[in-house]
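One structure is given below, encoded as structure tokens.
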Amino acid sequence: MMTLVQRNFTAERPNQLWLTYIIEHHTSEEKLYLCAIKDVFINRIVGYSMDSRINVQLAVNAVEMAVAHRGHPCGVTVHSDRGSQFRSRKFTQALERQGLVGSMGRVGAAGDNAAMESFFNMLQKNVLDRRWWSSRQELRLAIVGYLEGRYNRKSRRRGFGENDREPVRGYNVRVCRSGRINLRVNQTLSRPRSRAIPQPAKPLVVSTLVTWKRMNGHTSCPIRG
């Protein structure tokens, strides 16, 4: 797998460049491994996977979550370090199956994935090192809460135009007892990337009218235009 990024961690559109990386953290039980995928353009974590063992399936699950979350895009460059999980045939086949393009950092060049490592430094500061975790499940829930409740909500947005729309998918994340994270996509929406303008509240004439009629036993409308 070639190095396609050349330390140029920028993108001109969503789903152009994804970065991925794996870290570990100790708990009172054992280690918990996390593989996350970040979209460089929107600066959000679009896929992640956690397990008690570090293996190829950990990386494959993160890719599958990212693909489902982002609406099955094709041609995305997925850049990683040269870890054995990312060099495996199973991982490269998963990329090909999803229509993604693999890219790897150079041998002995730790800075080739510095942009992704900076995210994990932030995760370590805000979650991992804040306390001692008694179980892997406890740490899993804390990581999911941070990603979905803080990081992805506060991540930097780039200059979005009024006519420039991004596919947005509603989804539910559930952590099973086994530790596996399930992602269920609900519905695809389309909304402007620019900040939404608050809309005035709708008048409550209908609901007030229904309540009035129920209280007074009327079937005709007491309010005329």
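Whole Å is fine, so just give me how far the alpha carbon centre of segment 15-38 lies from that of segment 53-80.
12
Using only the Cα atoms of segment 1-90, what do you get for the radius of gyration and for Dmax, in Å?
13.4, 43
With an 8 Å cut-off on Cα pairs and a minimum separation of 6 or more residues, tell me the relative contact order of segment 26-134 in percent.
Values: 136 pairs, mean separation 25.0, N = 109.
Relative contact order comes out at 23 percent.
What is the Cα convex hull volume of segment 17-161 when expressed per residue in Å³? Don't skip to the end; give the middle numbers.
Working: hull volume 16.6 nm³, N = 145.
In segment 17-161, the Cα convex hull volume per residue is 114 Å³.
Just so you know, all these numbers are worked out from the coordinates, no wet-lab data involved. All values reported here derive from a predicted model rather than from experimental measurement.
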